[in-house]
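Undergrad: My questions all concern the structure below.
The values are calculated or read from the model by the stated rules, or taken from the named source; none is laboratory data. None of the values given here were measured: they were computed from a predicted structure. Cβ placement follows ideal geometry from the backbone for every residue including glycine, while neighbour counts extend to all protein chains displayed. Note: accessible area is taken over every heavy atom of the protein model, side chains too, but ligands, DNA and RNA are not part of it. Shrake-Rupley method; radii C 1.70, N 1.55, O 1.52, S 1.80 Å.
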4 protein chains.
Amino acid sequence: MPVPAPVLHPDFNVLRLSHVELGVTDLAASRRFYVDTLGLQVTHEDDAVIYLRAMEERGHHCIILRQEDAAAAHALSFKVFEDADLDRAAAWFKARDLATAWVDRPWQGRTLAAVDPWGTPLEFYAKMARLAPIHQQYRLYHGVKPLRIDHFNCFSPDVDAAVAFWNDMGFRVTEYTEDEASKRVWAAWMHRKGGVHDMALTNGLGPRLHHTAFWVPTPLNIIDLLDLMATTGYVGNIERGPGRHGISNAFFLYIRDPDGHRIEIYCSDYQTVDPDLEPIRWDLTDTQRQTLWGAPAPKSWFEEGSLFKGVTPRQSTLTAAPIIAPY
Amino acid sequence: MPVPAPVLHPDFNVLRLSHVELGVTDLAASRRFYVDTLGLQVTHEDDAVIYLRAMEERGHHCIILRQEDAAAAHALSFKVFEDADLDRAAAWFKARDLATAWVDRPWQGRTLAAVDPWGTPLEFYAKMARLAPIHQQYRLYHGVKPLRIDHFNCFSPDVDAAVAFWNDMGFRVTEYTEDEASKRVWAAWMHRKGGVHDMALTNGLGPRLHHTAFWVPTPLNIIDLLDLMATTGYVGNIERGPGRHGISNAFFLYIRDPDGHRIEIYCSDYQTVDPDLEPIRWDLTDTQRQTLWGAPAPKSWFEEGSLFKGVTPRQSTLTAAPIIAPY
Amino acid sequence: MPVPAPVLHPDFNVLRLSHVELGVTDLAASRRFYVDTLGLQVTHEDDAVIYLRAMEERGHHCIILRQEDAAAAHALSFKVFEDADLDRAAAWFKARDLATAWVDRPWQGRTLAAVDPWGTPLEFYAKMARLAPIHQQYRLYHGVKPLRIDHFNCFSPDVDAAVAFWNDMGFRVTEYTEDEASKRVWAAWMHRKGGVHDMALTNGLGPRLHHTAFWVPTPLNIIDLLDLMATTGYVGNIERGPGRHGISNAFFLYIRDPDGHRIEIYCSDYQTVDPDLEPIRWDLTDTQRQTLWGAPAPKSWFEEGSLFKGVTPRQSTLTAAPIIAPY
Amino acid sequence: MPVPAPVLHPDFNVLRLSHVELGVTDLAASRRFYVDTLGLQVTHEDDAVIYLRAMEERGHHCIILRQEDAAAAHALSFKVFEDADLDRAAAWFKARDLATAWVDRPWQGRTLAAVDPWGTPLEFYAKMARLAPIHQQYRLYHGVKPLRIDHFNCFSPDVDAAVAFWNDMGFRVTEYTEDEASKRVWAAWMHRKGGVHDMALTNGLGPRLHHTAFWVPTPLNIIDLLDLMATTGYVGNIERGPGRHGISNAFFLYIRDPDGHRIEIYCSDYQTVDPDLEPIRWDLTDTQRQTLWGAPAPKSWFEEGSLFKGVTPRQSTLTAAPIIAPY
């Protein structure tokens, strides 16, 4: 098997993905997309930045939108189990000669900034301001009724190496795509919190953020969002789907925000808490890998992604390609 | 407006579409598709033919599958309000110099066979054997849980003339697509029973049967069917969808049976019983006409259809074309 | 069979139920219920009255809320096929010595007011102001996403006689409940437009309006409404359900407006356009008649209803009673 | 707050609930219920016992049905993170003077049997035979489409003490019901795997097993099961629901198996992996605690439960009672 055995006792305990900050070029336009259309809830906003949470989250933010001159992704943030994990994390990165820094982040406790070997900005914290539950304030639900952030997916120029890196951090592979010819991993889905993934890695020019995903109650909420977007000026922002993924078995939709940042709406994958869960292998040539129902993804889905601010991506050395739609 | 005013007091009273007979080349394969996969109920079968009904239907059949050497569509059948309508129908066709004949059809009363001006075989009857209700025998529901036949859609070489013909029969236009340049109707949706259509006409090499549609309870049943087909050897039979039609506002999926006969799974259009319902016009270049969410239909969807047995189709004189996907 | 044969060629052609006017004691409170909570769309409002339509309706109103000193139901209104049907209707009522009058109703053409033999106020019209479609303006959908008015249900002191009356008007029985002992009909469901009913009659102190029903897309919309009502101060307005009716096979919820007028939210009954559709008989003692899943309806559901303004109801002579919940 | 602070570093690591064994008096009848009706998959069966798994589970069994002379519940079983946790668990129980034993269980590795202070039989294991995934074999899905076992709920004669016991084992309280007068906990929901609960404790004659719950994809699957049960002889086995819980916010249905063992069908609670998740308090008198929509639970739901084989339950000392339906 080309994916490493899980590290069951990692040096520090990452609990789950937490949030991402996106640089956006028109904050008002982004607000219409994320708040009015998707239905995320504002927890703070001023002229420069909007903090959002989803309906069942009690942490202060799962996405931060910041007005900037150019669209870009900032750090991918993760919540660790307890404060001491932050020091253990700092040591872990230092042992790998990877830069770290302690940074101040509003509504968060001690926060460790770090980078992976390809320059991807990562942040870790243990404590964030907790808010009162709103999951039973049903008058607030609208748009796609987003319940929580679910995962990140990043382009990687060396997925095998990236899987090894995240695996050492305790992320466990649930499913992966192998290029039969080269015996290399083309993409992998890795989790901490008990779903199919907190982080996925896809072969390509990277590091770049491929998408951020939000969990919704049922496929019908995704259909509702499509109807809403199609009749409120967002029909061009619908990129791929709806469909059932082969990998993860989730029901999905990919959309693009006004700056092109890709958002996945996602539901109904499966529980993965067993440490002896066997990863599921898919062949890169399997047409049902991307979409169980057979439809290929469009070129844009394979080629476009958000740059991490200040990070220059590199070409992948793996040139194998999946089936791509002719448009 | 390029569509004619409705004929509110037609010469005879067509109640609704009723059923279609399809010639199939491998009856066992067709049974696996229509019975095991779609979930239609067998009301009669022998070595040569299978009669099926959907879950809420009390008439004996909505589709007849007949073993033949070549795949073909036979007559499109309609139920009229009462027996005397059959004689009025016969007179109406004769007044237009269109051939008619009284034919024997098992489980049906008097049945009138006729043709439209392009040779499309049509049949009309008032009485069919009635069966006990099964709509509350929930153990029988499976597959896509088909509730009833909903409509036919045919390619027509002259949609304007075909609309005039069906309009004279009392079919009322609910929505239509116009080619702005030629001011001709490219497609039209016409009803008798109070939904968006019993019969649709689409510009193209015709007459050919484009598809037969079945009504299901909710979009989730269509997702269930996709999952089932994708994992039971039918992934190649999924042609288009799922999606929301612009026209009709229905949620849809197009699939192909083992002989290539196209079936639409359809739900959630709207009630059209008002005789003063204003038809909705769509422009042929409107990309949301086919699919509200913007995805174009594939070439096969525009080009392929079932021949009516023994009927040679003609090219359409209207060459305007909608947006077609590049595959 | 204790229900009469359908009158297939009635003296005048009622197309469908159309709307009801309700006297309400706090128009602002009623607006919060019908508009903010249910999601009906305002087509006109002033200090005295609010006109509403549902999402797929093109007629100007399906419900009228009028500020009054006491809650009451006004006329039940029906749309006829064409203007001449109004004169035929007037003659039909006069032939039965039932009072009629031509009345002015805003946004309606000629309108005939009449009464049934028990004093129930009825109105008939052929033309109502038509509005532009909004069924694809998905940003307007909220609450329970009501698509159209579906039916009325009235208490009747003599259901057998009432069925005969409505049957003469061309309403056809689809299902009915019989009291085995007396061989009398305890309740009946009768339609014109091709669903299970435009009008239902239930044994009891009458005439009174039992409820007005709205059609919604799927059972999930009803669950959404329950969640919304339960968390916005309306938990006490939830009376019965959700559940599956035995009769009609529809998924339902009964709620009460701020004045106690009962509204049913309803979906997924079946198509009944066939004139030879055999009515389904239920026994009054069948516990699955009311709710297929077995739960009995509460006392209030059997006992409470809206008075028609100025009409004194009479006790029913049929004292047989169904299973009622002990609360 | 009357619930204890979570133990973030418990002596041993319970991963999740795993399975329960039920003694049943007619194995064939139980098979019809669990396999034919609910849709669980048989992984082993002989004349004496049936092992079942749900659709997304890869472990060999989540429920074991054993033919016995009298209905009873056997041990509640839990999967621990790794083999060494079993020894740590044994030590933990011994330190509390609670009986333990190493037992042989087919398809399981080392298995520790233990009891809680009230005699509830518990079992722990780290390894179970793993089976190939079937979650994408959609032809196998039927009934309620059960995806996985979700939780146990037990009557307890001393919920405060039981919460302390499970809390020490690392189970974290997500929601609880307090009796305002006595300041005692009336019920509590406690988790290990990241949902609202693996184990709930309810005040009453105990220990007894109140119910075992299975997770399903959407509320519509629960409606499908109700329709199926209502028309296949199981209408009397429907006990409570469908509804939305106030506590947990889950959509639910309670049914009884042929021996009266209670099964909950459950979906759409929320993610609870954060160790700093604040428990939600409910007052015992809150009518929306049980069902957000206000309907009280029936007496049977509060009074009836499965005895653990050979264990005599005791009365609770807390006599406070919630709102109970008058039937």
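Undergrad: Scan the stretch B:101-134 for residues that are within 14 Å of chain D (Cβ to nearest Cβ) and under 22 Å from the mean Cα position of the chain (by Cα) and jot them down.
TA: Of everything in the stretch B:101-134, nothing turns out to be within 14 Å of chain D (Cβ to nearest Cβ) and under 22 Å from the mean Cα position of the chain (by Cα).
Undergrad: Filter the stretch C:314-327 down to the residues that are open to solvent by less than 30 Å² (accessible area, probe 1.4 Å) and either within 26 Å of C:H74 (Cβ to Cβ) or out of contact with any strand residue (DSSP E or B) (no Cβ under 6 Å at 6 or more places or on another chain) (or both), then identify the one that is farthest from the other protein chains (Cβ to nearest Cβ). Walk me through how you get there before you give the answer.
TA: Step one: filter the stretch C:314-327 for residues open to solvent by less than 30 Å² (accessible area, probe 1.4 Å), giving C:316, C:318, C:320, C:322, C:325.
Subsequent filtering for residues that are either within 26 Å of C:H74 (Cβ to Cβ) or out of contact with any strand residue (DSSP E or B) (no Cβ under 6 Å at 6 or more places or on another chain) (or both) retains C:316, C:322, C:325.
On the way: C:S316: 26, C:P322: 16, C:A325: 7 Å.
Filtering first and then ranking leaves C:S316.
Undergrad: So, D:F251, is that one within 9 Å of another protein chain (Cβ to nearest Cβ), open to solvent by less than 10 Å² (accessible area, probe 1.4 Å), of a type outside the set (A, V, I, L, M) and within 30 Å of D:V35 (Cβ to Cβ) or not?
TA: Details: within 9 Å of another protein chain (Cβ to nearest Cβ): yes; open to solvent by less than 10 Å² (accessible area, probe 1.4 Å): yes; of a type outside the set (A, V, I, L, M): yes; within 30 Å of D:V35 (Cβ to Cβ): yes.
Against the criterion (within 9 Å of another protein chain (Cβ to nearest Cβ), open to solvent by less than 10 Å² (accessible area, probe 1.4 Å), of a type outside the set (A, V, I, L, M) and within 30 Å of D:V35 (Cβ to Cβ)), D:F251 qualifies.
Undergrad: Right, something else. Does any residue of the stretch B:213-225 turn out to be more than 11 Å from every other protein chain (Cβ to nearest Cβ), more than 26 Å from B:T174 (Cα to Cα) and among the acidic types (D, E)? Before you say what the answer is, go through the steps one by one.
TA: Taking the stretch B:213-225 and keeping what is more than 11 Å from every other protein chain (Cβ to nearest Cβ), we get B:213-214.
Subset that is more than 26 Å from B:T174 (Cα to Cα): none.
Scanning the stretch B:213-225, I find no residue that is more than 11 Å from every other protein chain (Cβ to nearest Cβ), more than 26 Å from B:T174 (Cα to Cα) and among the acidic types (D, E), so the answer is no.
Undergrad: Quick test of your reading of the structure: B:D47 fulfils all but one of (1) free of Cβ contacts under 8 Å to residues at least 24 places away in the same chain; (2) touching a strand residue (DSSP E or B) at 6+ places or on another chain (Cβ under 6 Å). Name the failing condition by number.
TA: (2)
Undergrad: Hand me the list of strands (runs of 3 or more DSSP E) wholly inside the stretch A:229-327 holding 3 or more residues that are within 18 Å of the chain's Cα centre (by Cα) and within 16 Å of A:C154 (Cβ to Cβ). Walk me through it before giving the result.
TA: On the way: elements: A:238-244, A:251-256, A:262-267, A:280-283.
Strands (runs of 3 or more DSSP E) meeting the threshold: A:262-267.
Undergrad: Hey, another quick one. Taking only the stretch C:138-168 into account, find how many residues are under 21 Å from C:C267 (Cα atoms) and either facing another protein chain (nearest Cβ under 8 Å) or over 22 Å from the mean Cα position of the chain (by Cα) (or both). Let's see the steps before the verdict.
TA: Restricting attention to the stretch C:138-168, the residues satisfying the condition of being under 21 Å from C:C267 (Cα atoms) are C:138, C:140-154.
Then drop every residue that is not either facing another protein chain (nearest Cβ under 8 Å) or over 22 Å from the mean Cα position of the chain (by Cα) (or both), which leaves C:138, C:140-142, C:147-148.
Looking only at that region, the number is 6.
Undergrad: Another one. Find the residue count for the stretch C:82-105, including only residues that are touching a residue at least 60 places away in the same chain (Cβ under 8 Å) and either closer than 22 Å to C:L52 by Cα or among the hydroxyl-bearing types (S, T, Y) (or both).
TA: 0
Undergrad: Search the stretch C:205-228 for residues that are closer than 11 Å to C:Y266 by Cα and pair each with any residue that is in a helix (DSSP H, G or I) and among the small types (G, A, S) when their beta-carbon atoms are under 9 Å apart and the residues are at least 6 apart or on different chains.
TA: Once the first residue is closer than 11 Å to C:Y266 by Cα and sits in the stretch C:205-228, no partner that is in a helix (DSSP H, G or I) and among the small types (G, A, S) comes close enough.
Undergrad: Which of (1) closer than 30 Å to D:W215 by Cβ; (2) surrounded by fewer than 21 Cβ atoms within 10 Å (Cβ to Cβ); (3) more than 14 Å from chain D (Cβ to nearest Cβ) does A:P242 not meet, given it meets every other one?
TA: Going through the list (1) closer than 30 Å to D:W215 by Cβ; (2) surrounded by fewer than 21 Cβ atoms within 10 Å (Cβ to Cβ); (3) more than 14 Å from chain D (Cβ to nearest Cβ), A:P242 breaks only (2).
Undergrad: Of (1) of a type outside the set (D, E); (2) away from chain C (no Cβ under 14 Å); (3) without any contact (Cβ under 8 Å) to a residue 24 or more places away in the chain, B:T232 satisfies all except one. Which?
TA: (3)
Undergrad: Can you find a residue that is open to solvent by 60 Å² or more (accessible area, probe 1.4 Å), within 14 Å of chain C (Cβ to nearest Cβ) and either in contact with a strand residue (DSSP E or B) (Cβ under 7 Å, 6 or more places away or on another chain) or free of Cβ contacts under 8 Å to residues at least 60 places away in the same chain (or both) anywhere in the stretch B:269-282? Walk me through it before giving the result.
TA: Of the stretch B:269-282, the ones open to solvent by 60 Å² or more (accessible area, probe 1.4 Å) are B:278, B:281.
Narrowing the set further to residues that are within 14 Å of chain C (Cβ to nearest Cβ) leaves B:278, B:281.
Still in the list and also either in contact with a strand residue (DSSP E or B) (Cβ under 7 Å, 6 or more places away or on another chain) or free of Cβ contacts under 8 Å to residues at least 60 places away in the same chain (or both): B:278, B:281.
Looking through the stretch B:269-282, at least one residue is open to solvent by 60 Å² or more (accessible area, probe 1.4 Å), within 14 Å of chain C (Cβ to nearest Cβ) and either in contact with a strand residue (DSSP E or B) (Cβ under 7 Å, 6 or more places away or on another chain) or free of Cβ contacts under 8 Å to residues at least 60 places away in the same chain (or both).
Undergrad: Against the conditions (1) of a type in the set (S, T, N, Q); (2) within 13 Å of another protein chain (Cβ to nearest Cβ); (3) out of contact with any helix residue (DSSP H, G or I) (no Cβ under 8 Å at 6 or more places or on another chain), where does A:S182 fall short? Just the number, please.
TA: A:S182 satisfies all of (1) of a type in the set (S, T, N, Q); (2) within 13 Å of another protein chain (Cβ to nearest Cβ); (3) out of contact with any helix residue (DSSP H, G or I) (no Cβ under 8 Å at 6 or more places or on another chain) except (2).
Undergrad: Across the stretch D:287-313, which residue is most open to solvent (accessible area, probe 1.4 Å) among those that are within 11 Å of another protein chain (Cβ to nearest Cβ) and under 24 Å from A:Y138 (Cβ atoms)?
TA: D:T287
Undergrad: Could I ask something else about it? Those residues that are in contact (Cβ under 8 Å) with a residue 60 or more places away in the chain and of a type outside the set (F, W, Y), I need them from the stretch B:287-309; list them, please.
TA: Our first condition is that a residue be in contact (Cβ under 8 Å) with a residue 60 or more places away in the chain; within the stretch B:287-309, this holds for B:289, B:300-303, B:305-309.
B:R289, B:S300, B:E303, B:G305, B:S306, B:L307, B:K309, listed by residue number.
Undergrad: Continuing with this model, one more query. Any residue at all in the stretch D:158-180 that's on the phi < 0 side of the Ramachandran plot and at pLDDT below 95?
TA: Here is the first cut: in the stretch D:158-180, the residues on the phi < 0 side of the Ramachandran plot are D:158-169, D:171-180.
Of the ones still in play, those that are also at pLDDT below 95 are D:180.
Scanning the stretch D:158-180 turns up at least one residue that is on the phi < 0 side of the Ramachandran plot and at pLDDT below 95.
Undergrad: Give the residues of the stretch D:309-325 that are hydrophobic (A, V, I, L, M, F, W, C) and in contact with an Asp or Glu (Cβ under 8 Å, 6 or more places away or on another chain), sorted by residue number.
TA: Answer for the stretch D:309-325, where residues must be hydrophobic (A, V, I, L, M, F, W, C) and in contact with an Asp or Glu (Cβ under 8 Å, 6 or more places away or on another chain): D:L318, D:A320.
Undergrad: Right, next: Given the conditions (1) within 30 Å of A:C62 (Cα to Cα); (2) touching a Leu at 6+ places or on another chain (Cβ under 7 Å), which single one is not true for D:Q288?
TA: Result: D:Q288 passes all but (2).
Undergrad: Further, regarding this structure: Collect the residues in the stretch C:94-130 that are part of a strand (DSSP E or B) and open to solvent by 70 Å² or more (accessible area, probe 1.4 Å), keeping them in residue-number order.
TA: Here is the first cut: in the stretch C:94-130, the residues part of a strand (DSSP E or B) are C:100-103, C:108, C:111-115, C:121-125, C:128, C:130.
Of everything in the stretch C:94-130, just one residue is part of a strand (DSSP E or B) and open to solvent by 70 Å² or more (accessible area, probe 1.4 Å), namely C:W102.
Undergrad: Looking at (1) over 16 Å from the mean Cα position of the chain (by Cα); (2) open to solvent by less than 30 Å² (accessible area, probe 1.4 Å); (3) within 17 Å of A:S30 (Cβ to Cβ), which one does A:L220 not meet, given that it meets all the others?
TA: Result: A:L220 passes all but (3).
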